[in-house]
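The values are calculated or read from the model by the stated rules, or taken from the named source; none is laboratory data. In this text, all values refer to a predicted model and were calculated from it rather than measured experimentally. Cβ placement follows ideal geometry from the backbone for every residue including glycine, while neighbour counts extend to all protein chains displayed. These accessible areas exclude ligands, DNA and RNA; they are computed on the full protein's heavy atoms, side chains included. Shrake-Rupley method; radii C 1.70, N 1.55, O 1.52, S 1.80 Å.
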Amino acid sequence: MSASRIGNTVDVRFTVPARSTDNLPLRATQLTGSLCRQPESGPCVPVATKVAVTAKAANGEPNVVTWQDKLPADLASGPPRIIGYRVEFFSPAGVSGGKSDPVIAAAGQSPSAVTDLSAEGSRAGIVLRWKPAGDGDVLIRREDIAAAARTPASRNHPEPGVTWLTADNASRGRVLDASALPDIAYRYTAQRRIKVQLSGRDLELRSDPSSVVNFTLREIYAPSAPSGLTAVGFATATSPFAVDLIWQPVNERAVTGYNVYRTAIDANGAPLGSRTLVSSAKLALPAFHDATASSDTRYRYDVTAVDGHGNESTAATTVLEPSPH
């Protein structure tokens with residue numbers, strides 16, 4: 001049994017009992033249940049009375065039910081303080097199993113809602129932004145729309161397809177969802193959260209969810225450019241001249257290889273011809289051996305990173321001077 005404070009509502013989540021107080025299987029599959037709210041002082045106030053519930057879910061698992069309590073104005077304002085909830089179940093004959101132990105939530109003023117939530121793509125993932133305001137951190141709820149639709153909720157997985165991200169105040173209204181995958185439709189919402197400790201208990205107050213933002217990451221962003229490109233010309237036993245190039249690899253998941261281009265240039269760097277792709281196939285490793293270069297020509301070499309969709313980075317560039325004979 002658990003209680004979560006969201007905006008001015010408390011969600012009380014519990015499992016309907018399938019056994020009696022004597023630990024025997026219940027013959028009845030239909031029960032009734034009641035929920036009451038217990039403030040710090042005073043009686044437990046009824047919130048839901050004699051509501052019909054089913055002991056087993058459609059898939060045969062124990063039935064998990066969520067009841068909501070809309071807090072009155074006096075409990076939805078002021079400083080944080082404790083409130084408790086108790087559930088009581090009745091057999092078809094009206095016999096009570098007794099009130100449950102209380103589950104605790106926080107009354108008081110909830111944090112302000114997150115506003116201006118937006119999403120944009122980048123080669124590193126999906127960048128989420130919102131208007132910074134108020135205390136506490138921000139929880140981002142990401143839902144894989146297709147996965148949520150095809151996977152039924154269960155006791156162990158109440159929110160299929162859902163991932164949570166957390167951004168603290170230092171994030172200044174921005175967080176990167178680096179685990180987002182391309183071509184997956186996501187639905188995002190955000191909540192502001194304040195953590196409090198009351199009577200030795202760690203509790204949370206969350207704002208109402210923000211407006212929904214839907215976003216699908218597309219592979220339209222070029223990878224980062226390679227770095228550290230060097231070129232060395234030398235004679236070999238089988239060729240009067242060749243050039244070896246090496247560079248630092250681009251450590252991005254989308255990168256599938258590299259292209260190497262060569263341009264003959266004059267002493268001022270002006271091209272003497274067109275830029276030529278000298279790597280006949282996309283290179284998997286950050287190195288290339290050019291056996292077709294001429295020792296008496298000045299070359300500019302360009303190396304680019306390429307992803308699986310054909311997006312190409314800007315080039316890492318180096319110049320190779322002519323080699324003396």
Low-density loop trypsin sites (Lys or Arg not before Pro), segment 142-221, at most 14 other Cβ within 10 Å, DSSP non-H/G/I/E/B, are ARG155, ARG172, ARG218
Listed residues GLY233, GLY200, GLY308; largest mean-square fluctuation, Gaussian network over the chain with Cα springs below 10 Å, found at GLY200
Listed residues ASN63, ASN251, ASN311; largest mean-square fluctuation, Gaussian network over the chain with Cα springs below 10 Å, found at ASN251
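For the chain, which semi-axes, largest first and in whole Å, follow from the square roots of 5 times the eigenvalues of its Cα gyration tensor? Spell out each step's value before the answer.
On the way: eigenvalues 865, 102, 39 Å².
For the chain, the semi-axes come out at 66, 23, 14 Å.
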Taking the alpha-carbon centre of each part, the distance from segment 269-320 to segment 101-122 in Å is 52
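Within a Cβ distance under 9 Å of VAL278, other residues only, what is the Lys/Arg minus Asp/Glu net charge? Walk me through the numbers before you get to the answer.
Working: positive: ARG262; negative: ASP290.
My count for the surroundings of VAL278 gives 0.
Provide the per residue accessible area, probe 1.4 Å, for the chain, rounded to a whole number of square angstrom.
Accessible area per residue: 53 Å².
Within a Cβ distance under 10 Å of VAL319, other residues only, what is the Lys/Arg minus Asp/Glu net charge?
Its environment carries a net charge of +1.
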Unit-weight point scatterers at every alpha-carbon of segment 168-218, Debye formula, q = 0.24 1/Å: log10 I(q)/I(0) is -1.02
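Between the DSSP loop rule and a limit of at most 14 other Cβ atoms within 10 Å, which trypsin sites (Lys or Arg not before Pro) in segment 27-116 are left?
On the way: sites: ARG27, ARG37, LYS50, LYS56, LYS70, ARG81, ARG86, LYS99; in loops: ARG27.
Loop-located and lightly packed - ARG27.
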For segment 135-216 (alpha-carbon point model, no solvent) the Debye-based log₁₀ I(q)/I(0) at q = 0.16, 0.25 Å⁻¹ works out to -0.72, -1.23
Carbon and sulfur atoms account, in whole percent of the 1.4 Å probe accessible area of the chain, for 51
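If contacts are Cα pairs under 8 angstrom and at least 6 residues apart, what is the relative contact order of segment 31-124 in percent? Walk me through the intermediate numbers first.
On the way: 139 pairs, mean separation 27.5, N = 94.
Relative contact order comes out at 29 percent.
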Between the modelled labels at ARG129 and GLU159 (7 Å from Cα along Cα→Cβ) the distance in nm is 2.5
In a Gaussian network model of the chain with springs linking alpha carbons closer than 10 Å, the residue among LEU272, LEU198, LEU283 that fluctuates most is LEU272
Under the helix-only model (-39500 (n - 2.57) for each DSSP H run of 4 or more, divided by the residues of the chain), the mean residue ellipticity at 222 nm, to 500 deg cm²/dmol, is -500 deg cm²/dmol
